[in-house]
Amino acid sequence: MENNYHFSEESINSSISFRSLVNATSYPGRHFQITKLKKPNILSNAAATILITLCDNESNVYLSKDFSTDEVKDWLIFNTGAIVSDKQNADFAVGDWESLLPLDEFKTGVPEYPERSATLIIEESNYKKIKCNINGPGIKDKLQIELPNPELFINNSHLYPLGLDFYFTNDLDILSIPRSTKISVTNSEY
Amino acid sequence: MNDMSKDKNIDIQIYNFAYLDENTKRMIRRALLKALCIPGYQVPFSSREMPMPYGWGTGGIQVTSACLIPKDVLKVIDQGADDTTNAVSIRKFFQKTANVAVTEKTSDASLIQTRHRIPETKLKEQQILVYQVPIPEPLRFLEPRETETRKMHALSEYGLMFVKLYEDIAKHGHIETAYAYPVKTNGNYVTDPSPIPKFDNPKMNNNPAIQLFGAGREQRIYAIPPYTNVKSLDFEDYPFEAMKANFKCSICGSSDSYLDEIIVSDDGKRSYICSDTDYCKEQTQLNSKEEDQ
Amino acid sequence: MYVAVKGGEKAIDNAHSWMSEIRRGDPSVPNVSLNQITEQLTLGVDRVMSEGSLYDKDLAALAIKQSRGDLIEAIFLLRAYRTTLKRFSYSKPIDTANMLCLRRISATFKDIPGGQKLGPTFDYTHRLLDFKLLAENETPLSPTQQFENKKVPHVLSFLNQEDLMQKEKDNNLDPIDITREPISFPTSRAARLQALSRGDEGFLLGLAYSTQRGYARNHAFVGELRIGIVEIELNIPELGFDINVAEIILTECETVNQFQGSKIEPPQFTRGYGLVFGQTERKALAMALIDRALRWKELGEDYSGAPAQDEEFVISHCDNIQATGFLEHIKLPHYVDFQSELELIRKIRADAKRNVKRL
């Protein structure tokens, strides 16, 4: 078919990134891959991709301590126009697991508008990983994954349909745990 | 006046991949992801005017536009058919604005936009089915006010819906809803499946594909993730029953696909054919292969 | 064997080319030019700009030409184009007190500082078809007068001096932009006014009329109706000062309405407000009446159940692009749904027949 269009690279890249996010969110607990982009060193490609694909000047972004650098802020504002905010108002939050705790300061939505809640982007770090079974929407039967502090995820899923939605990011890898996912601990040591 | 086209950039190249600008896509994409996290919940989004009228699938078109990638293979159906006028028009729109490959084959498509049907061929993981939705609120015809229906969803207060269904049974011995038959998604939100015949309802349940719903005029997006429990509302003593014309397709002979009734002669003689044109073609081919053997 | 009808694509192409031919009409008649439309069908252009939410006379004229004079279709074309435009910045609020008035009337005071100015109006014309216009060479001229390049104060400001007029309070919040954020109910007056300003003239007219006939009656005096030119200013942070980026024509209407007082407010006059692109006075008047009717809650008045008081009803149905789209979509095929209804009704009738036989 004849094509008179020259598509902008930005629009092509964002579409491909978003499809990975759709897949990750649709199939919780599975790993999906994202492509490389130019970003501050401290941010993973996956975390940077989420921010750049979803944030604009209406988005409040919380950067936890190690991530709250001028380099990250400048990069974020230049590329998205997002507003760097505190925890309470954050639509998105980025950090390693420990630095995002406690979770209860993030907004979890209200019964009329449960979507007015924060999305947490958790960067890979040396947190204690505990084996869990997960099931729920997007999961065929059940899956086994590793989570930090499973009790916090269990509490979160009890808030359903309110709650927080999580993306775990590690270099090019992304895995989602939305609020709809039910978690149980398999490991007896826990 | 002659230089107006230069002035206003009416030049065709101004459009982004898949038409919508990046800011609009971001807003829709955020809504889509929240919708996937809260299955069946209607997320408000600031729908844009599209170059086709509200009611012509602008919600579905915006969702498709936000999801489409260059290597997608797109299928568009209306009433189950690829060759209905509006399906043709939407398919052309995306060929023009996204230059994506198109197909009529359900199994070859990576993204399917539909109005009023779910394909007969089973969908697969990572396929996306985008529904065009006219009225996303299943309670709307019982309670016209958004302020009220929003409260009902927040409180899971669905008594009104069950009363309506029950009254139908009391009056007619049947539930008087043949299409847009309400479902409960993930045991929580009562959801409008869009005006598909209730024959299609069971296909929504535990489907490996990603089901996204866009209502442009009403400014709502919702989703049913893969492998999600979707249950048509019913009563223990009046269980939900999928329904279709009790005939065989006069083209492919299929008796398990949804049929359209057509009038074939001036004296009103009826015939029945598959509403899903791709499925019908496939069955016909299978039949001829069998004959050959 | 029956074969399903194919050829949707061809049918669409043919329909479009036929429509283009019909749009052009008799080729021996000269093509209508855009400046003929912008110069001679001004009020149509203004309506298309206001409901299309895009101030651009040339594009509005193009839309009118393309839509064969169907103004709602033209509004739709403009809206669809508008959404594709990049948003650089928000202008500073317009100050209508600085308007250069082409027309300015008050029904509440006989004489006002700055004077009444009738301007170009149909008001006192005798509605007799003017067969002189059949001749295509007429060039009417009006007596020339120096255009007074002077601001005139708002008439309602004089009532403000006595505290007789309820003051509008600035809540210091940025108003929502209804084209970027979906409206949720209850909504703000700012959001309502935006929706009304781009709402369908006919719908607003009918609703406003209903308030005059007793459905949420609240007698409105036209405190002031002014039409004129205002400047649009943009603050450019990099420059450190404001620049004038455009001049546009607006119609503003402020009504003075009785108010008996309530538990929360003393008796006072209150305001209904209308502000619309272009010379669009029927629309601005209607908008002001509806704005006032919708303020019942804020003023502690009774809700009489009138349509014009019902925010969700008014705002959800005033947009003609939404309305016409959904209304007209019933022309699209509904074979599948209709088939399911056919099956259901046959089933119910068969059951009913069986039951009758059993009796």
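The values are calculated or read from the model by the stated rules, or taken from the named source; none is laboratory data. Since the model is a prediction, treat every value here as computed from it, not as a measurement. Cβ sites come from the backbone with ideal geometry, for glycine too, and all protein chains shown count toward neighbours. Each accessible area value is taken on the protein alone, full model and side chains, heavy atoms only, with ligands, DNA and RNA left out. Shrake-Rupley method; radii C 1.70, N 1.55, O 1.52, S 1.80 Å.
Results, tabulated for the structure shown:
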| read-out | value |
| --- | --- |
| Members of segment B:48-71 that are facing another protein chain (nearest Cβ under 7 Å) and within 11 Å of C:T83 (Cβ to Cβ) | B:R48, B:E49, B:M50, B:P51 |
| Residue match in segment C:222-229 (condition: within 24 Å of C:G278 (Cα to Cα), in contact (Cβ under 8 Å) with a residue 24 or more places away in the chain and out of contact with any Ser or Thr (no Cβ under 9 Å at 6 or more places or on another chain)) | yes |
| Output for segment B:20-29, where each listed residue is out of contact with any Phe, Trp or Tyr (no Cβ under 8 Å at 6 or more places or on another chain) and either open to solvent by 10 Å² or more (accessible area, probe 1.4 Å) or facing chain C (nearest Cβ under 8 Å) (or both) | B:D21, B:E22, B:N23, B:T24, B:R26 |
| Among (1) assigned to a strand (DSSP E or B); (2) open to solvent by 30 Å² or more (accessible area, probe 1.4 Å); (3) touching a Leu at 6+ places or on another chain (Cβ under 8 Å) - the single one B:F240 does not satisfy | (1) |
| Enumeration of residues in segment C:206-220 that are open to solvent by 80 Å² or more (accessible area, probe 1.4 Å) and either modelled with pLDDT of 95 or more or aromatic (F, W, Y) (or both) | C:Y209, C:Y215 |
| Residues of segment B:245-255 that turn out to be in contact (Cβ under 8 Å) with a residue 12 or more places away in the chain and open to solvent by 40 Å² or more (accessible area, probe 1.4 Å), as a count | 4 |
| Qualifying residue in segment C:90-97 (condition: free of Cβ contacts under 8 Å to residues at least 60 places away in the same chain, open to solvent by 90 Å² or more (accessible area, probe 1.4 Å) and away from every other protein chain (no Cβ under 13 Å)) | yes |
| Enumeration of residues in segment C:132-176 that are under 23 Å from C:I105 (Cα atoms), of a type outside the set (S, T, Y) and open to solvent by less than 70 Å² (accessible area, probe 1.4 Å) | C:V152, C:P153, C:H154, C:V155, C:L156, C:F158, C:L159, C:N160, C:L164, C:M165, C:Q166 |
| Spans of helices (runs of 4 or more DSSP H) in segment A:1-105 with at least 3 residues touching a Lys or Arg at 6+ places or on another chain (Cβ under 6 Å) | A:45-54 |
| Within segment C:316-338, considering residues that are among the hydrophobic types (A, V, I, L, M, F, W, C), in a helix (DSSP H, G or I) and over 30 Å from C:K283 (Cα atoms), the one least open to solvent (accessible area, probe 1.4 Å) | C:V336 |
| Answer residue from segment A:168-190, given it is open to solvent by less than 10 Å² (accessible area, probe 1.4 Å) and not polar (S, T, N, Q) and is farthest from A:P137 (Cα to Cα) among those | A:I174 |
| Residue within segment C:101-115 that is outside any helix (DSSP H, G or I), open to solvent by less than 70 Å² (accessible area, probe 1.4 Å) and within 14 Å of chain B (Cβ to nearest Cβ) present | no |
| Tally, over segment B:263-274, of residues that are more than 7 Å from chain C (Cβ to nearest Cβ) and free of Cβ contacts under 8 Å to residues at least 24 places away in the same chain | 7 |
| Sole residue being surrounded by fewer than 22 Cβ atoms within 10 Å (Cβ to Cβ), free of Cβ contacts under 8 Å to residues at least 60 places away in the same chain, within 30 Å of A:Q33 (Cβ to Cβ) and among the charged types (D, E, K, R), chosen from B:K71, B:K96 | B:K71 |
| Flag for C:L285 being within 20 Å of the chain's Cα centre (by Cα), outside any loop (DSSP other than H, G, I, E, B), of a type outside the set (F, W, Y) and more than 8 Å from chain B (Cβ to nearest Cβ) | yes |
| Yes/no for C:N171 being out of contact with any Ser or Thr (no Cβ under 7 Å at 6 or more places or on another chain), assigned to a helix (DSSP H, G or I), in the same structural domain as C:P267 (by TED's automatic domain parsing) and polar (S, T, N, Q) | no |
| Residue in segment B:40-58 that is in a helix (DSSP H, G or I) and polar (S, T, N, Q) present | yes |
| Residue in segment A:2-21 that is within 7 Å of chain B (Cβ to nearest Cβ), of a type outside the set (G, A, S), surrounded by 19 or more Cβ atoms within 10 Å (Cβ to Cβ) and within 13 Å of the chain's Cα centre (by Cα) present | yes |
| Test for A:T181: is it touching a Pro at 6+ places or on another chain (Cβ under 7 Å) and β-branched (V, I, T) | yes |
| Hits in segment B:125-143 - residues which are facing another protein chain (nearest Cβ under 9 Å) and in contact with a helix residue (DSSP H, G or I) (Cβ under 8 Å, 6 or more places away or on another chain) | B:Q126, B:I128, B:P134 |
| Number of the exception - B:S46 against (1) more than 26 Å from B:P226 (Cβ to Cβ); (2) open to solvent by 10 Å² or more (accessible area, probe 1.4 Å) | (2) |
| Scan of segment B:105-124 for residues that are open to solvent by 20 Å² or more (accessible area, probe 1.4 Å) and either within 13 Å of chain C (Cβ to nearest Cβ) or more than 20 Å from B:K198 (Cα to Cα) (or both), ordered by number | B:K105, B:S107, B:D108, B:S110, B:E120, B:K124 |
| Cross-chain or 6+ apart pairs with Cβ under 6 Å, segment C:334-359 first and within 20 Å of B:Y179 (Cα to Cα), then assigned to a helix (DSSP H, G or I) | C:I348/B:H172 |
| Residue in segment C:297-309 that is aromatic (F, W, Y) and surrounded by fewer than 13 Cβ atoms within 10 Å (Cβ to Cβ) present | yes |
| Verdict on C:R68 being open to solvent by 60 Å² or more (accessible area, probe 1.4 Å) and at positive phi | yes |
| B:K151 within 11 Å of chain A (Cβ to nearest Cβ) and more than 21 Å from the chain's Cα centre (by Cα) | yes |
